[in-house]
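**Q** The structure is given below, and queries will be raised subsequently.
The values are calculated or read from the model by the stated rules, or taken from the named source; none is laboratory data. Since we're looking at a predicted model, the values are computed, not measured. Note: ideal-geometry Cβ built from the backbone for every residue, glycine included; neighbour counts use all protein chains shown. We work out accessible area using only protein heavy atoms, side chains counted, and drop any ligands, DNA or RNA first. Shrake-Rupley method; radii C 1.70, N 1.55, O 1.52, S 1.80 Å.
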Amino acid sequence: MKLNVTILYLIIFFGFQGVSQEPNSFNVGFKTLKLTDSSRTYKPNTSETDRLHYRPLDLDIWYPSDEKGGQRLAFEDLYRLHEERANEYQDETDYTGMSDEFVLYLAAGFGVEAKDGNRLLKVKTDSYKSRKAATGKFPLVIYMAGYNGMGWESYRLLERLAENGFIVLSISSIGTYPGDMTNGLLNTMEQVNDGEFALQFLKETGGLPIDYDKIGILGLSWGGMSGIIMLDNHPEFKAMVSLDGSDNFYYGDTEEDDAFLQKIYDSKVINPEKTKAAFLHIEAGDRLDEFTPTGEYRYINQINSEKRYMRFLNSKHKDFGSIAWALKSSEGQIETYEKIMESTVLFFQKYLKNKDGFTNYYTSLLKEKNVTQTPFEYSTEKPKELILSGYVQDSKTKTRLPYVNIGVLNKEIGTVSNKEGSFDFHLLESNANDTIRLSMIGYKPKILVVNNLLNKKGNIEINLEEEISELNEVVVTARKWKKKTLGNKTKSTFIGHLFYYEQLGKEMGIRMNVGRRPTFVDDFNFHISYNRFSAKSFFRLNMYKIVNGKPSENILKSNIIISVEPKQTGMVSTSLKEYDIVLTEDVIVTLEWVDNEGEVMPTEALIISVGLLTGGTYERGSKESTMRKKLKGMGLGFTMNVRY
């Protein structure tokens, strides 16, 4: 690979006292190298004079230091590099301000209040500026970051490695122009090629005291996949640790992911027979919580070198980075991450330094009830699918009923009848004894057993009985109206919550603080930050009474359907004056995806802007499942224009 490099040294130095340190442990230095790989075109259809014509590359490097003192740094010194690079790696979108918004979403995603994201930014590391590299030679660990990630996601572990005498080279997860990663072959190879370029650059230019006879790889999540590809290119590498990496892949989640992974395997870029490195895979306990696999690929089973596996039964995928640890979101997450870090450091010490503390530690972990060396067990036989097909109609008029909710009681399994009242409800054989519920505004709900419906021949006819309800009388005195906008006015283009292509029937919303005086609702508005839906989509507006802090009865008496055009973004406003909606108490207002004209393709999503909101966001996968809060302190960009 040809080297043509522009270098800018941004020297920042870090230090920390860790658990698995040697008697004379090190402080930690950190620096960034800004490079250009002129052997690869980055932005297509540009000239060589364009700053983005060739592949840009930023290397984040942690390394041992003997120095003490200096200015202590915070987490944000690493984190804000993400926004800086998001602007540098493309010239189409201004990401200024992204960091301040995204850190709130990050905190909410880890189960703490969104406002704690600001606390995360100020978390003090034991890291200090102005420290030089220690003398001597040190093993190199190449860190392959997770999907669209950077070194800050695992900063604490990378510091721990440096404290224990390793140099860590972090390779960010950046795809082809404009830099967005996918799990396709082309983008995956971009991270691999970045790693190869960086390694050759360090070898040819020197400047760091690296022992190139002792190299290992550390991969997080999707970095596990790019990590094994690079590992197979280098039989001389000594060890690899995969942290819940995609080198263990389970088929059956989505057809798109299955196709992407199969293409990678078919391309022969993975050659496990070449590997001589010792291998450790640590897996999360929630990998199969949302689907049953139809097959698997386990790299660890294909290699003939030394290998170890363990799974933390109560852990989640997000526990494998440093963020939950830094936020101190729960004692369990902190404890799990400490064990992950200790296992990683000790494994590299064994195979890169010939210092074996790993064997005893691994043995002790396997005695804990929350840790196992047994892989996931499941049936590889494809579950038999059941399809309920039919239509829903008014029991008296025989008029077909559009957008009727159909769902398995208390499960995230559901669908919606189309605008002609017809439905195809896909279930599994295991649902045969389940109960389904059909519900629609203005009609009495109906409960049926799946098995009974399966015994019917042809299309299933389901009749719903109209429900006559008396409207509550609201007395409104003549006065001059005051106008107000309720809800969350965010128009963020950086963070949002999504409707994904296979989530028809999904519903999400926020609480609107109305108060007790009669309030007329004039308009409902929501802000779309991103929309790849290739079909026109339809959403039902719902307004729920709140009982014990949870949504209960839908107060609307007719369907209010809002359409969104393909690729439409920005503010969507709907007048509600014709519906004469009068509120006298707080409500939870939701949008429910009920239909689309044409097919919504895999990878397509529609994203609603999200911003700070005390009440959080409510969500459920189907009408018959439980509505839960998904984001603490972050609410969807929903507003209502009202008069009172």
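**Q** Greater than 24 Å separation of Cα atoms is the criterion. Which listed pairs, K489/K577; K419/K444; K129/K238; K34/K307; K43/K129, meet it?
**A** Details: K489/K577 21 Å; K419/K444 19 Å; K129/K238 32 Å; K34/K307 35 Å; K43/K129 35 Å.
Cα-Cα > 24 Å for K129/K238; K34/K307; K43/K129; rest within.
**Q** State the percentage of accessible surface on the range 336-439 attributable to carbon and sulfur atoms; use a 1.4 Å probe and exclude ligands, DNA and RNA. Can you show the working numbers first?
**A** Values: 2450 of 5210 Å².
About 47 percent, which is the carbon plus sulfur part of the accessible surface.
**Q** In whole Hz, what ³J(HN,Hα) sequence does the range 135-140 give by Karplus (6.51, -1.76, 1.60; θ = phi - 60°), x for Gly and Pro?
**A** Taking θ as phi minus 60°, the curve returns 7, x, 10, 10, x, 10 Hz for the range 135-140.
**Q** Below 15 Å, Cα to Cα, which aspartates and glutamates can K456 reach? Residues fewer than 8 away in the same chain don't count.
**A** Correct list for K456: D424.
**Q** Averaged per residue, what accessible surface does the chain expose to a 1.4 Å probe, in Å²?
**A** Heavy-atom SASA per residue in the chain reads 44 Å².
**Q** Given the Cα-Cα distance of E420 and D266 and 0.36 nm per residue of separation, how much length would full extension add, in nm?
**A** On the way: separation 154, 0.36 × 154 = 55.44 nm, distance 4.33 nm.
Value of the extension gain: 51.1 nm.
**Q** So, one more: Ordering D580, D595, D180, D37 by accessible area with a probe of 1.4 Å, largest first, what comes out? Write out the running numbers ahead of the final one.
**A** On the way: D580 115, D595 20, D180 90, D37 0 Å².
Solvent-accessible surface, decreasing: D580, D180, D595, D37.
**Q** Helix 331-353 sits at what angle to the longest principal axis of the chain, using alpha carbons and giving 0 to 90 degrees rounded to 10?
**A** Taking Cα atoms only, the helix is inclined about 30 degrees.
**Q** Want the number for A432 to S552: 0.36 nm per residue separation, take away the alpha-carbon distance, what's left?
**A** 40.4 nm
**Q** Could you estimate the translational diffusion coefficient of the range 253-329 from the Stokes-Einstein equation, with Rh from the Kirkwood formula over C-alpha pairs, at 10 °C and 1.306 mPa s, in whole µm²/s? Present the calculation step by step, with values, prior to reporting the outcome.
**A** Working: Rh = 14.9 Å.
Stokes-Einstein gives a translational diffusion coefficient of 106 µm²/s.
**Q** Also, I was wondering about something else. Hey, what angle do you get for helix 223-232 against the long axis of the chain, alpha-carbon based, 0 to 90 degrees rounded to 10?
**A** The angle comes out near 40 degrees.
**Q** Another one. Compute the helix-to-body angle for 255-266: its Cα long axis versus the longest principal axis of the chain, expressed 0 to 90° and rounded to tens.
**A** Roughly 20 degrees, rounded to the nearest 10.
**Q** Grab the Cα-Cα distance for E92 and K491, subtract it from 0.36 nm times how many residues apart they are, and report the gain in nm with one decimal.
**A** Values: separation 399, 0.36 × 399 = 143.64 nm, distance 1.89 nm.
Fully extending the segment from E92 to K491 adds 141.7 nm.
**Q** In sequence order, what are the phi-derived ³J(HN,Hα) couplings for the range 583-598 according to the Karplus relation 6.51 cos²θ - 1.76 cosθ + 1.60 with θ = phi - 60°, rounded to whole Hz, with x for glycine and proline?
**A** Using θ = phi - 60°, the values come out as 10, 10, 7, 4, 9, 9, 9, 10, 10, 10, 6, 10, 6, 8, 8, x Hz.
**Q** How would you rank 451-457, 277-283, 388-394, highest first, on the average number of other Cβ atoms within 10 Å across their residues? Mind dumping the intermediate values first?
**A** On the way: 451-457: 11.0, 277-283: 23.6, 388-394: 18.4.
Put in order of decreasing packing, that is 277-283, 388-394, 451-457.
**Q** Using a Förster radius of 22 Å, what is the FRET efficiency between K115 and D586 based on their Cβ-Cβ separation? Nearest 0.05, please.
**A** The calculated FRET efficiency here is 0.55.
**Q** In the range 29-93, how does Rg compare with the Kirkwood Rh, expressed as the Rg/Rh ratio over alpha carbon atoms?
**A** Working: Rg = 15.7 Å, Rh = 14.2 Å.
Taking Rg over the Kirkwood Rh, I get 1.10.
**Q** For D77, D523, D232, write out the residues from largest to smallest accessible area, computed with a 1.4 angstrom probe and no ligands counted. Mind showing how you got there, number by number?
**A** Numbers: D77 60, D523 40, D232 5 Å².
So the residues, ranked largest to smallest area, are D77, D523, D232.
**Q** Which residues' amide hydrogens lie under 5 Å from the amide hydrogen of F638, considering only partners 5 or more residues apart or on another chain, with H built in the peptide plane?
**A** N488
**Q** Please sort 141-151, 192-202 by packing, taking for each peptide the average over its residues of neighbouring beta carbons within 10 angstrom, highest first. Each step should come with its number before you reach the end.
**A** Values: 141-151: 24.9, 192-202: 20.6.
In decreasing order of mean packing, 141-151, 192-202 become 141-151, 192-202.
**Q** Using square roots of five times the C-alpha gyration tensor eigenvalues, list the equivalent-ellipsoid semi-axes of the range 109-178 in whole Å, biggest first. Don't skip to the end; give the middle numbers.
**A** Details: eigenvalues 132, 75, 22 Å².
With the √(5λ) rule applied to the range 109-178, the semi-axes are 26, 19, 11 Å.
**Q** Using a 1.4 Å probe, how large is the accessible area of L498, given in Å² and rounded to the nearest 10?
**A** My reading of the accessible area for L498 is about 60 Å².
**Q** Compute the distance from the alpha-carbon center of the range 494-515 to that of the range 291-326, in whole Å.
**A** When both Cα centres are located, 31 Å separates them.
**Q** Please report, largest first and rounded to whole Å, the three semi-axes of the ellipsoid equivalent to the chain, where each semi-axis is the square root of five times an eigenvalue of the C-alpha gyration tensor.
**A** Working: eigenvalues 490, 166, 107 Å².
Output for the chain: semi-axes of 49, 29, 23 Å.
**Q** Accessible area of W593, 1.4 Å probe, to the nearest 10 Å²?
**A** 0
**Q** Let me ask another. With a 10 Å radius around each residue's Cβ, average the other Cβ atoms per peptide and rank 219-229, 341-351, highest first. Mind dumping the intermediate values first?
**A** On the way: 219-229: 27.9, 341-351: 23.5.
Highest-to-lowest ranking by the protection proxy: 219-229, 341-351.
**Q** Tell me which residues come under 5 Å, amide H to amide H, from I142 once H is placed; ignore anything under 5 positions away on its chain.
**A** L169, G216, I217, L218
**Q** Just the number, please: percent antiparallel of the DSSP beta bridges in the range 195-300, rounded to the nearest 5.
**A** On the way: 4 of 14 bridges.
Just about 30 percent of them are antiparallel.
**Q** When DSSP assigns beta bridges and you keep just the ones with both residues in the chain, what percent turn out antiparallel, to the nearest 5?
**A** Working: 107 of 139 bridges.
If I count the DSSP bridges inside the chain, around 75 percent turn out antiparallel.
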